[in-house]
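A short write-up of the structure that comes next.
The values are calculated or read from the model by the stated rules, or taken from the named source; none is laboratory data. Given the structure is predicted, the values throughout are model-derived calculations rather than measurements. Reconstructed Cβ throughout: ideal geometry from the backbone, glycine too, with neighbour counts over all protein chains shown.
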């Protein structure tokens, strides 16, 4: 049985362990994430969740934060700067899969540990897996696979599915179809698109009995507002990325009744999550999204490894990461052989909260102990 270490215990461990102290005191972390432009709330929440854990640990870890503005070339430039000028030991923070593919393969081949708090492209779980790459969130297909399984179990026959045309969008629809089967229609939109009139018209003209879409950030806000105004009348489903608390606040009552899949929910009843939600609200004045939970878990995983070894002791540090001896806000946490989580995926329903505003409520489990579909391609 695993021994879990809370964030609050790290300060004591650092003070009492001669091996832990240097790891904390000398570690530099580079965070490259999206803090401006479309979808910036994803990066802001990852950053805030990560930094909350660092603050609670009372460690001396230095975190250098830079904004990639959702631009792959800028992300690559920032990564080079972090490694060559800042001499960081660990990199983290990237939100978007196209940026991840532009940065991560070269970084991990060069020997630097990268911890993903969000993006989980299929290539990095399979053929391009690497001992220095750890995904603390999910593999891109996972939440969509779970919704495909859920909708099939619910008796839906002809969903129309929509996603943006970039690596995570392709993984999303691939994952959905792998568990659902044949669909009524399928559309890829432009990344960052805001006008969905043509796509909604195509859905209305089809014989679909439901809609599944993956449109994170501002894309999801635009789609849901336009979909509600078009009075399509078909039930809507999606992953949590399309229905996080920020999106719900912007969309309003049009989202009530929607089901979505997530590896986490703010009302999960475990001690680590209850404490996290409370402390996040107190510090930032808002309800955390799944992105904030992922940032928080990523930092606490890293801190649990630093309590055992310094990144300069690469083999020992990777082993400590792999052990994942920390209290995850999603409950039990473990890595598969390709350093991606094996975890439950839950169903959440959008309901009217106590204040009358839409919010997510945990409704059940879609799939237990889901492992990604690409693990067999990883030769690590």
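Computed values, structure above
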quantity	calculated
Answer residue from segment 49-70, given it is in a helix (DSSP H, G or I) and more than 14 Å from the chain's Cα centre (by Cα) and is nearest to residue 102 (Cα to Cα) among those	51
Qualifying residue in segment 149-157 (condition: surrounded by fewer than 24 Cβ atoms within 10 Å (Cβ to Cβ), in contact (Cβ under 8 Å) with a residue 12 or more places away in the chain, out of contact with any strand residue (DSSP E or B) (no Cβ under 6 Å at 6 or more places or on another chain) and under 26 Å from residue 92 (Cα atoms))	no
Members of segment 283-329 found to be assigned to a loop (DSSP other than H, G, I, E, B), under 30 Å from residue 359 (Cβ atoms) and out of contact with any helix residue (DSSP H, G or I) (no Cβ under 7 Å at 6 or more places or on another chain), listed by number	285, 286
Filtered residue count, segment 153-202, keeping only those that are over 25 Å from residue 137 (Cβ atoms) and at pLDDT below 95	1
Flag if residue 314 is over 16 Å from residue 333 (Cβ atoms) and buried (at least 24 other Cβ atoms within 10 Å of the Cβ)	no
Among the candidates 81, 55, residue that is surrounded by fewer than 17 Cβ atoms within 10 Å (Cβ to Cβ), at pLDDT 95 or above and within 18 Å of residue 296 (Cβ to Cβ)	55
Selected residue (only one of 98, 118, 132 is in contact (Cβ under 8 Å) with a residue 60 or more places away in the chain, over 26 Å from residue 192 (Cα atoms), within 19 Å of the chain's Cα centre (by Cα) and assigned by TED's automatic domain parsing to the domain that holds residue 306)	132
Which numbered condition residue 267 fails, given (1) touching a strand residue (DSSP E or B) at 6+ places or on another chain (Cβ under 6 Å); (2) over 22 Å from residue 222 (Cα atoms); (3) buried (at least 17 other Cβ atoms within 10 Å of the Cβ)	(3)
Every pair of residues 6+ apart whose Cβ atoms lie under 6 Å, when the first sits in segment 211-228 and is farther than 19 Å from residue 40 by Cα while the second is in a loop (DSSP other than H, G, I, E, B) and modelled with pLDDT of 90 or more	211/234; 226/196
Meets criteria (in contact (Cβ under 8 Å) with a residue 12 or more places away in the chain, crowded, with 17+ Cβ neighbours inside 10 Å and not assigned by TED's automatic domain parsing to the domain that holds residue 188) for residue 304	yes
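Results for (1) more than 17 Å from residue 136 (Cβ to Cβ); (2) free of Cβ contacts under 8 Å to residues at least 24 places away in the same chain, shown as yes or no for each residue.
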| position | (1), (2) |
| --- | --- |
| 312 | yes, no |
| 315 | yes, yes |
| 318 | no, no |
| 325 | no, no |
| 335 | no, no |
| 349 | yes, no |
| 354 | yes, yes |
